[in-house]
Each structure stands twice: as structure tokens, then as C-alpha cells.
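Colleague: There's a structure below that I have some questions on.
The values are calculated or read from the model by the stated rules, or taken from the named source; none is laboratory data. All figures in this text were calculated on a predicted structure; none of them were measured in a lab. Methodologically, a virtual Cβ is constructed for each residue, glycine included, from the backbone with ideal geometry; neighbour enumeration extends over all protein chains shown.
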Amino acid sequence: MIIAPVENVAQILIVLILATAAVIIMKRDIRSLIKTYAFQSLLLAVMALLLFSATGSLTLLYLAIIIIVSKVLIIPRFMGIVAKRLNIKRDVKFHFLSPTTSLLASIVIILFVYLSFSSLLSELNRFNSSIFFLGATVGMSIVFMGMIVIFTRKQTITNIVGYLTMENGVVLFSLFLTELPLLIEVLIIVDLIMLTLIATILAFGIDSTIEEFHNRLNPFISPPKETPQKQSEDDEQ
Amino acid sequence: MLEFLFPLGLAAFFLAVVVPLVGSKIGAGKVTRQASLIATIVACGAILAFALEIVFSNQSFSLFVYQITPQFQFSFLVDRLAAFFLTLIAVVSLAVAIYSISYVEHTEHEERKNLIVSFMNIFIVSMVLVVASFSMFSFLFFWEIMALSSFLLVMSEFEKKETQKAGIFYFVMTHLSTLFLLFAFLFIYTVTGTFDMGQIRAEPLITSVAFVFLFLGFGIKAGIIPFHKWLPYAHPASPSNISALMSGVMIKVAVYGLIRFLLLLPMQTWWGILILAAGTTSAVLGVIYALKEHDIKRLLAYHSIENIGIILIGVGLYVIFSLAGFEAIAFLALAGALFHTLNHAIFKSLLFMTSGSIVNATGTRNIEEMGGLIKRMPKTALLFLIGAVSISALPPFNGFVSELMIFQAFFQSTVLANPFLEVILISSLAVFALTSALAAACFVKAFGITFLALPRSEEAKEAKESPKLMIIGPAILAAMCVALGVLSLQLFSVLGFSFPLPNMLFIGALLSGFYVFTFAALREVASRRERIAETWGCGFPTQTSKMEYTASGFSEPIVTILKSIFRTQKKSERNYYDDKGVIFKDGKAEIHLMNFFEERLYMPVANIVRKVSLKVNNLQRGDVDLHVAYAFATIVVFLLIIWWFA
């Protein structure tokens with residue numbers, strides 16, 4: 001059982017995390033995007049520590065340490081280096097939705113998540129405290145907001161920030177609903193996607209969008225001019 | 001003994017699959033192929049001994065192998081019905097394995113020979129395990145392995161355009177079959193909660209739905225009309241040993257499935273009528289289509305459709321009579337169907353193997369370019385003749401006995417009180433009789449044009465007799481054609497059945513006595529003087545092979561009579577020197593036969609599927625962001641559904 005002051009602090013933290021997610025959706029400047037992500041992760045770590053102080057579960061402490069080491073220190077630093085090398089300062093191109101409409105869409109999404117969770121999870125009888133409900137709702141909403149970031153932005157590096165935000169959402173969700181084994185799997189999968197993307201960027205040099213990178217990676221997609229030439233060469237042989 | 005034989009067979013099959021694959025890697029192709037096929041022969045021998053033991057002693061054998069979860073398990077149960085089909089598989093596979101030892105060596109690529117041998121063994125063992133399966137899960141599992149391995153075998157000459165078309169046809173049709181079976185099994189599972197075949201109990205309406213799915217699934221695989229189209233494409237494209245297995249055995253596995261599930265489900269009369277109607281249609285249309293074919297393997301493929309039709313007629317009669325309460329007649333029909341299944345497996349594999357020898361020797365599948373082969377390949381000709389006589393159902397060969405059993409069941413249809421059923425049975429009897437006659441006509445054409453008269457091409461002139469093993473394999477089956485025909489009554493009495501059949505041993509002796517007598521009498525009476533004269537050649541000065549009776553000529557009257565079925569279109573163009581149309585200059589005449597089912601049923605369906613696929617394809621642009629957006633939209637929709645329904 002979580003005592004009242006802890007609950008209040010937790011509520012504030014949750015709202016702050018949601019706010020950082022909104023900032024990630026809106027921001028165009030890549031360096032501040034990365035900084036916001038680091039701040040969001042830090043808030044998440046603080047949340048894990050807070051829950052650790054309330055429940056005494058050591059897993060939460062480990063989680064907080066892992067978050068601080070990886071997401072507050074290593075990943076943002078690494079992303080900063082990549083951004084510097086890319087020489088991209090701002091995101092200017094968007095798919096499907098502009099930042100403002102994405103923000104409006106995410107508000108609607110939060111509403112839907114809230115409604116569906118309130119009808120679905122209330123039967124699980126875990127929500128004797130409203131904080132769990134709030135945490136789960138915001139966690140899931142952040143997953144969606146991360147997804148919006150992924151498909152609205154064209155730059156690979158901001159896509160990665162989107163994936164990372166999604167993963168933060170999953171962690172937040174699982175902080176409040178720890179007994180869902182499926183979620184851990186989702187977390188691992190998201191981590192894998194993220195890792196592969198980062199690894200490919202490291203391995204193949206840096207392209208600004210995934211489409212360009214894809215063309216270069218896949219030798220079968222070659223310009224149509226080249227194919228007849230190759231055939232004629234074969235014929236001569 | 002049984003516990004030992006079945007695993008022995010499977011182990012030998014395993015060796016036969018692995019050895020050629022290893023062999024092609026280490027460069028010992030031929031030795032490993034031969035070793036593998038010998039292992040196949042051993043395996044078939046073991047399975048044959050195992051199955052015959054069960055058939056004759058009427059016991060059952062069960063084996064539990066492995067379970068993934070309690071519902072998904074590999075368990076086997078071989079009872080008398082399954083053992084009967086195992087016998088069929090083992091006998092035919094044994095002969096085909098012997099034949100293949102020489103036959104595969106004619107394939108062009110070294111590595112491909114090993115692959116063919118290995119996949120052939122996977123194919124055989126999967127058929128064995130389908131028949132032995134007790135749970136629907138393992139049935140479907142091995143069914144799919146059977147489909148895939150046979151698809152790869154059909155595609156063994158994948159560079160050819162014709163093979164690619166055949167492959168696509170076969171792949172789509174065989175997967176439709178699996179799909180329908182999957183529907184049926186899942187449906188039965190949702191109703192009964194089990195994949196065990198032994199525990200199917202359900203309401204009539206529910207089992208009817210399951211039956212329709214099962215009938216479609218097995219029907220596509222068995223090649224009943226209108227789902228037959230893959231057969232005439234796949235058989236000519238695949239190597240002859242594989243055609244022999246596919247036509248001889250694989251489509252019989254579908255018959256097994258149908259009979260097995262009919263015995264498990266509570267039957268209804270309309271199922272019988274449906275099976276009977278499908279069988280009659282397949283039988284008559286199959287033989288009619290066969291008549292116009294000049295490609296020997298395609299001709300045989302159409303005959304497979306016809307014979308599957310005959311088998312289904314027997315099965316349909318079984319359902320109708322057993323529901324009307326006439327157990328004895330029903331059992332006669334079922335036994336006739338099963339016996340015809342065995343017989344067809346034997347003579348059709350025999351015919352496919354001998355036709356493979358012919359195709360190898362002449363390099364063509366068109367019988368118009370053959371002729372005169374009886375002088376050049378006398379042993380193959382004799383074997384083909386035995387197969388042809390059996391499939392034409394002439395006494396005392398096996399085809400006659402099984403068709404007679406089905407006719408016997410038909411003749412007793414007057415016992416049925418229901419006039420509606422009686423009319424159906426009598427009309428389908430008439431069609432069935434027509435089928436038998438046309439089949440005989442078709443094989444007169446196939447044998448006569450292929451083997452008799454003078455060769456009509458250089459290749460046919462140069463043809464050589466096949467190697468020994470390619471004679472021994474079919475010869476085993478030819479011997480069985482005779483034995484199963486002549487000894488049928490004795491065989492049934494050993495198995496404990498008595499049917500109103502004539503003693504074929506007596507009839508056989510009578511017939512051969514008659515032949516010997518006639519021959520001896522003619523030899524005695526005929527004059528010894530040699531008389532050399534030329535056949536009248538319509539006034540042409542020299543006679544060449546061009547003046548022979550051709551296959552087109554032979555089938556022309558029948559094609560003309562049945563032109564409403566063939567949808568024959570005759571086109572002619574004439575040019576004249578003058579404008580009144582008197583002095584003929586030149587012209588062009590064409591006869592087109594329409595592929596009715598392909599043009600009216602298959603292509604329209606395929607076009608619809610294609611259109612839908614192209615629309616769906618538009619959604620897929622290879623743009624990662626777009627795909628994430630799809631995922632996002634899907635999850636949002638799910639959220640809405642949860643909110644709405646929860």
C-alpha cells in the first residue's frame with residue numbers, strides 16, 4: 001500500500017513524464033529532443049526509486065540504476081555524437097501529421113486509452129489506488145505518442161527518439177502493472193529494434209532517412225538503367 | 001513383430017532421405033542414390049509386412065510418439081483400413097523405387113538426381129504417416145509435408161515454362177486443399193474440443209458443414225472435377241516415377257481421408273448423393289477429356305480423374321445403401337471402391353512408369369510421333385498392354401473385378417424404396433457404363449498409336465528397350481494386376497469376406513484355354529504359304545508412316561459426337577483466285593478445343609484474386625513510416641473495440 005505523500009509525488013512525476021512526451025512530439029530541434037528524452041528517462045528513474053522507497057522491492061532499484069546508466073547517460077550522449085556527425089540541427093519534414101495535429105491526436109488517444117482502460121482494467125481489481133490507473137494510462141499513452149513520433153518524422157535520428165520514447169512508455173506501464181509477462185517481451189522487442197537501428201547506423205555510415213539507407217543496403221533495388229547493361233554483358237560472355 | 005517392423009520402416013526411410021543429401025555434398029552421387037533407393041525398398045518391405053499382418057489378422061497397432069501440447073500430438077493408429085492403404089503405398093513405392101534406380105540416372109543435373117531421390121523418400125514417408133495418423137493434428141502436419149515435397153518434385157525441371165505453370169497450379173490447388181482441411185479440423189475441434197479422430201461426436205448440421213469442408217479438401221487433392229485441373233498439368237511436368245507415385249498413391253491418400261472421416265462422422269443421405277454425383281461427373285468427363293489427349297502422360301492423368309470418379313461412385317453407393325439399411329450391398333460397394341483404389345494404384349503406376357520409359361526412349365510425349373515401338377521395346381510394350389487391359393476393365397484382370405463389384409452394387413438399386421434415389425442411381429449407372437466403354441476405346445488408341453504400325457519419327461525409329469530395372473519395377477505391378485484379378489475371389493475369402501463374384505481363376509483358365517485353342521486351331525488350319533502384298537494405300541504410289549491411322553483420326557468421331565462438351569470451334573479461311581469464289585487459292589483451317597473449366601472457372605476466380613491482391617499490394621510501399629502508421633491505426637482501432645465492447 002502506498003502512502004498519501006508518495007502518491008502525490010508520483011502523480012506529479014507522471015504528469016511531468018507526460019509533459020516531456022508532449023515536448024518530444026512538438027520539438028523540431030534535435031539536440032533539445034535528445035535532452036528532453038534524457039530528462040524523461042531521469043524522471044522515470046526517479047519514479048522507480050520512489051516506488052522502491054514505498055514498496056522496498058529491489059527490482060525497482062535495479063531498474064532505476066539501469067535507466068540512469070543507459071538512458072540518462074549513455075544513449076543521449078551517443079545520440080548527441082550521431083546528431084553532431086549527421087550535421088542535422090532541425091527536423092523540417094513531416095509525414096501525415098504536423099506536430100500540432102500530432103499533439104491534438106495524442107490528446108484524443110489519451111482519452112481513448114483512459115476510456116478503454118477504465119472499462120477493461122477495473123475488473124482486474126488492482127486499482128484500489130488511483131495512482132496505478134493513472135500510471136498505466138499514461139504509460140500506454142506515451143507508447144502511442146512515441147509511435148506518432150516514429151511515423152510522422154522523416155529523419156532516422158528522430159525516429160530513434162520515437163522508439164526510445166515508446167520504450168519509456170512501456171517501462172512506465174510495467175512499473176504500475178508489473179505482472180504482465182507479455183509486456184516484458186514487448187519491451188525486449190522494442191529494445192531490439194532500437195539496438196538494430198543504432199547498430200545499422202554505426203555499421204553503414206550515416207544516412208539521413210531510412211529510405212535512402214534501404215536503397216543502399218539492398219542490392220536488388222538498383223536503378224532500372226543498369227539491368228539491361230548487365231544482361232548484355234552476360235550475353236557477350 | 002509389429003512394434004519392430006513399423007519403426008524399422010521409418011528408420012530405413014530416414015536413412016533413405018539423409019544419405020543422398022550427404023552424398024551430393026561429398027561428391028558420391030551415384031552410390032548414395034542407389035544405397036538410398038535400396039533403403040527405400042527395405043523400408044517399403046517392412047511397411048508392407050507390417051500392413052499385411054494387420055490386414056490379414058484384423059488387429060490394430062497404435063504408437064504414441066511426441067506431444068507438443070496435450071492437444072497437438074503426433075499419435076498413430078493403424079487399423080485394418082489404414083493398413084490396407086499402407087499396403088497400397090508400400091507396394092507401389094517398392095516398384096517405383098526399383099524403377100527409379102535406373103530412371104533417375106536419366107535426369108540431367110547431377111545434384112538434382114540426389115535431390116529427387118531424397119525428396120521422393122520424404123514424399124513416400126509423409127504419405128505413410130498421413131495414413132497412420134490418429135490425431136487430426138499429425139494428419140494435417142504430414143499432409144502438408146506430402147504437399148510440399150510433391151510440389152518440389154513436380155518442379156524438378158523448373159527451368160521449363162510448362163513446369164512453372166504446372167507448379168503454380170499445383171501449389172495453389174494443393175494449398176486450397178490443405179486450407180479446407182484446416183477449416184474442417186478446426187471446426188470439428190471447436191465443436192468437440194479434441195483433435196482425436198476417435199472422438200468426433202456432433203449434431204447433424206455441424207457435421208454437415210465439416211463434411212463439406214472435408215469433401216472440398218480431399219476432393220481437390222483427389223482431383224475430382226471441377227477441381228481436377230492440376231492433375232493434367234502436374235503429371236506431364238514431373239518425372240515419371242513421381243507421376244507414378246502422385247497418381248498411383250497420393251490421390252489415394254485423399255480417398256483414404258474421405259473414407260476415414262465418412263466412417264467417423266454420422267452420415268447423411270445427401271452426402272452420398274453429392275459423392276455419387278461428383279464421382280459420376282469426374283468419371284465421364286475424365287475419360288472424355290482423356291480421349292482427345294495426345295500427350296501420353298496427360299492422357300494418363302485424365303484417366304486418374306476418371307478412376308477417382310469410379311472410386312467415389314463406390315463410396316457414394318456405400319453411403320446411400322448403408323443409410324437405407326442395406327448393409328451387405330453397402331459393404332459390397334465400399335469393398336469395390338477400396339479394391340478399385342488398390343487396383344488403380346497398381347495399374348496406373350505401371351502405366352506411368354512404362355510411359356516414362358517410352359518418353360525416355362523417344363524423347364517426346366506426343367503419341368503421334370511414336371508408333372512401331374512394340375518391335376523396339378517389346379517388354380515395355382507387354383507391360384503397358386497389361387496395364388491398359390487392366391484399366392479398360394477387361395476380364396480376368398483386376399480392373400474388371402473391382403468395377404464389377406461396383407456394378408453389382410448398382411444392379412441392386414431396385415431394393416431402394418425411394419424413387420428419387422433410384423432414378424439417380426440408374427442414371428449414374430448408365431453414365432458409369434459409358435465411362436467403361438470409352439476408357440477401353442481410349443486405351444485402344446493409346447496402345448495402338450504408340451506401339452503398333454510404323455514409327456512416325458526418327459526418335460521413335462531409334463528407340464531402344466529400357467534397362468533391366470526399369471522393366472523389373474513395372475513387371476512386379478503387372479504381375480499383381482494379373483494375380484489380383486485372377487485370385488480375387490480366393491483373396492476375399494482369406495480376408496473373411498464373401499461377395500457375389502464369379503471365380504476369376506476359372507474364368508481366367510477358360511479364357512486362356514479358349515485363346516490357346518483358337519490359336520492352335522488357326523495355326524493348324526491356316527495355310528503355310530507366304531503371301532506378300534501391300535496394304536491398299538488410297539492410291540498413293542508409296543506408303544509411308546504418314547498414311548497410318550493417327551490418334552486425332554481415331555478420336556475424331558468421338559470428339560465430333562461430344563462436341564458440345566469439348567466446345568469445339570472450327571475456323572476456316574479460304575482465299576480464291578477469282579471474286580466468285582470458285583478457283584481455290586489457299587486456306588487455313590483450325591480446330592480449337594476450349595478448356596472449359598480453365599476459362600470459365602479458374603481464370604475468372606484467379607483474376608478476381610489478382611485484382612484484390614493488386615489493391616492490397618498498393619498498401620505496401622516499402623516505406624517504414626507508413627507501416628508504423630498502419631500498426632498505429634490498427635492498435636487505435638483495437639482500443640476503440642475494447643472500449644466499445646468491454
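Colleague: Does A:T137 qualify as being under 28 Å from A:L49 (Cα atoms), touching a Gly at 6+ places or on another chain (Cβ under 6 Å) and modelled with pLDDT of 75 or more?
Modeller: Spelling it out, it is not the case that A:T137 is under 28 Å from A:L49 (Cα atoms), touching a Gly at 6+ places or on another chain (Cβ under 6 Å) and modelled with pLDDT of 75 or more.
Colleague: Yes or no: B:A479 within 22 Å of B:K348 (Cα to Cα), without any contact (Cβ under 8 Å) to a residue 40 or more places away in the chain and of a type in the set (G, A, S)? I'd like the intermediate steps shown before the answer.
Modeller: Working: within 22 Å of B:K348 (Cα to Cα): yes; without any contact (Cβ under 8 Å) to a residue 40 or more places away in the chain: yes; of a type in the set (G, A, S): yes.
Against the criterion (within 22 Å of B:K348 (Cα to Cα), without any contact (Cβ under 8 Å) to a residue 40 or more places away in the chain and of a type in the set (G, A, S)), B:A479 qualifies.
Colleague: Only residues that are crowded, with 22+ Cβ neighbours inside 10 Å and farther than 26 Å from B:L351 by Cβ: list them for region B:249-261, please.
Modeller: B:F261
Colleague: I'd like the full set of residues that are of a type outside the set (V, I, T) and farther than 30 Å from B:Q59 by Cβ, limited to region B:3-35.
Modeller: Passing the criteria: B:P20, B:L21, B:G23, B:S24, B:K25, B:G27, B:A28, B:G29, B:K30, B:R33, B:Q34, B:A35.
Colleague: Out of all the residues in region B:87-101, is one or more of a type in the set (A, V, I, L, M), surrounded by 20 or more Cβ atoms within 10 Å (Cβ to Cβ), outside the structural domain of B:K464 (by TED's automatic domain parsing) and modelled with pLDDT under 90?
Modeller: Checking region B:87-101: not a single residue is of a type in the set (A, V, I, L, M), surrounded by 20 or more Cβ atoms within 10 Å (Cβ to Cβ), outside the structural domain of B:K464 (by TED's automatic domain parsing) and modelled with pLDDT under 90.
Colleague: Also, quick follow-up: Scan (1) surrounded by fewer than 24 Cβ atoms within 10 Å (Cβ to Cβ); (2) of a type outside the set (V, I, T); (3) part of a helix (DSSP H, G or I) for the single condition B:L276 breaks and write down its number.
Modeller: Condition not satisfied by B:L276: (1).
Colleague: Do you know which of the residues in region B:20-32 that are surrounded by 13 or more Cβ atoms within 10 Å (Cβ to Cβ) and free of Cβ contacts under 8 Å to residues at least 24 places away in the same chain is farthest from the chain's Cα centre (by Cα)? Talk me through it step by step, then tell me what you get.
Modeller: As a first pass, look at region B:20-32 and keep what is surrounded by 13 or more Cβ atoms within 10 Å (Cβ to Cβ): B:20-24, B:28-30, B:32.
Filter once more, keeping what is free of Cβ contacts under 8 Å to residues at least 24 places away in the same chain: B:22, B:28.
Values: B:V22: 32, B:A28: 34 Å.
Among them, the one singled out is B:A28.
Colleague: Out of all the residues in region B:326-369, which are more than 22 Å from B:V255 (Cβ to Cβ) and of a type in the set (D, E)?
Modeller: B:E368, B:E369
Colleague: Suppose we keep only residues that are in contact (Cβ under 8 Å) with a residue 40 or more places away in the chain and under 22 Å from B:L176 (Cβ atoms) within region B:131-142. Which one would you say is surrounded by the fewest Cβ atoms within 10 Å (Cβ to Cβ)?
Modeller: B:F141
Colleague: Let me ask something else. Of the numbered conditions (1) free of Cβ contacts under 8 Å to residues at least 24 places away in the same chain; (2) away from chain A (no Cβ under 14 Å); (3) farther than 30 Å from A:K154 by Cα, B:S555 fails exactly one; give the number of that condition.
Modeller: Only one criterion in (1) free of Cβ contacts under 8 Å to residues at least 24 places away in the same chain; (2) away from chain A (no Cβ under 14 Å); (3) farther than 30 Å from A:K154 by Cα is unmet by B:S555, namely (1).
Colleague: Could you figure out which of (1) touching a residue at least 40 places away in the same chain (Cβ under 8 Å); (2) over 24 Å from the mean Cα position of the chain (by Cα) isn't true of B:S428?
Modeller: Here B:S428 clears every test but (2).
Colleague: With the structure loaded, tell me whether B:V582 is aliphatic (A, V, I, L, M), more than 14 Å from every other protein chain (Cβ to nearest Cβ) and either within 27 Å of B:T560 (Cβ to Cβ) or not in a helix (DSSP H, G or I) (or both) or whether it fails that test.
Modeller: Here the answer is yes, as B:V582 does meet what is asked.
Colleague: To continue, here is another question. Given region B:422-507, what helices (runs of 4 or more DSSP H) lie entirely inside it while holding 2 or more residues that are acidic (D, E)?
Modeller: Qualifying helices (runs of 4 or more DSSP H): B:458-462.
Colleague: Return the only residue of B:I358, B:I346, B:I367 being touching a His at 6+ places or on another chain (Cβ under 6 Å), surrounded by 24 or more Cβ atoms within 10 Å (Cβ to Cβ) and assigned by TED's automatic domain parsing to the domain that holds B:I472.
Modeller: One residue alone meets the criteria, B:I367.
Colleague: While we're here: Looking at region B:571-586, can you tell me whether even one residue there is surrounded by 14 or more Cβ atoms within 10 Å (Cβ to Cβ) and closer than 30 Å to B:A290 by Cβ? So that I can check it myself, show each step before the final result.
Modeller: Step one: list which residues in region B:571-586 are surrounded by 14 or more Cβ atoms within 10 Å (Cβ to Cβ), which gives none.
No, region B:571-586 has no match at all.
Residues are listed down the side, and each one gets a yes or a no for (1) crowded, with 18+ Cβ neighbours inside 10 Å; (2) modelled with pLDDT of 80 or more; (3) within 14 Å of chain B (Cβ to nearest Cβ); (4) in contact with a Lys or Arg (Cβ under 9 Å, 6 or more places away or on another chain):
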position	(1), (2), (3), (4)
A:M47	yes, yes, no, no
A:L58	no, no, no, no
A:S70	no, no, no, no
A:A83	yes, no, no, yes
A:N87	no, no, no, no
A:S102	yes, yes, yes, no
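Colleague: So the check is Cβ under 7 Å with 6+ separation or different chains; which pairs have a first residue in region B:393-406 that's farther than 14 Å from B:V482 by Cβ and a second one that's of a type in the set (V, I, T)?
Modeller: Going by the 7 Å Cβ cut-off, the qualifying pairs are B:E403/B:I310; B:I406/B:I310; B:I406/B:I313.
Colleague: Can you tell me which residue among B:V628, B:V637, B:V616 is under 30 Å from A:Q155 (Cα atoms), away from chain A (no Cβ under 14 Å), out of contact with any His (no Cβ under 6 Å at 6 or more places or on another chain) and not acidic (D, E)?
Modeller: Only one candidate passes the filter, namely B:V616.
Colleague: Of all residues in region B:370-410, which are among the aromatic types (F, W, Y) and crowded, with 24+ Cβ neighbours inside 10 Å? Spell out the reasoning first.
Modeller: First, pick out the residues of region B:370-410 that are among the aromatic types (F, W, Y): B:384, B:397, B:400, B:407, B:410.
B:F384, B:F397 - these are the residues of region B:370-410 that are among the aromatic types (F, W, Y) and crowded, with 24+ Cβ neighbours inside 10 Å.
Colleague: Follow-up question, since we're still on this one. Do we find that B:T414 is among the β-branched types (V, I, T), modelled with pLDDT under 90 and part of a helix (DSSP H, G or I) in this structure?
Modeller: Judged against the criteria, B:T414 is a match.
Colleague: Still on this model: Among B:V605, B:V624, B:V582, B:V637, which is under 40 Å from the mean Cα position of the chain (by Cα) and not charged (D, E, K, R)?
Modeller: Going through B:V605, B:V624, B:V582, B:V637 in turn, just one is under 40 Å from the mean Cα position of the chain (by Cα) and not charged (D, E, K, R): B:V605.
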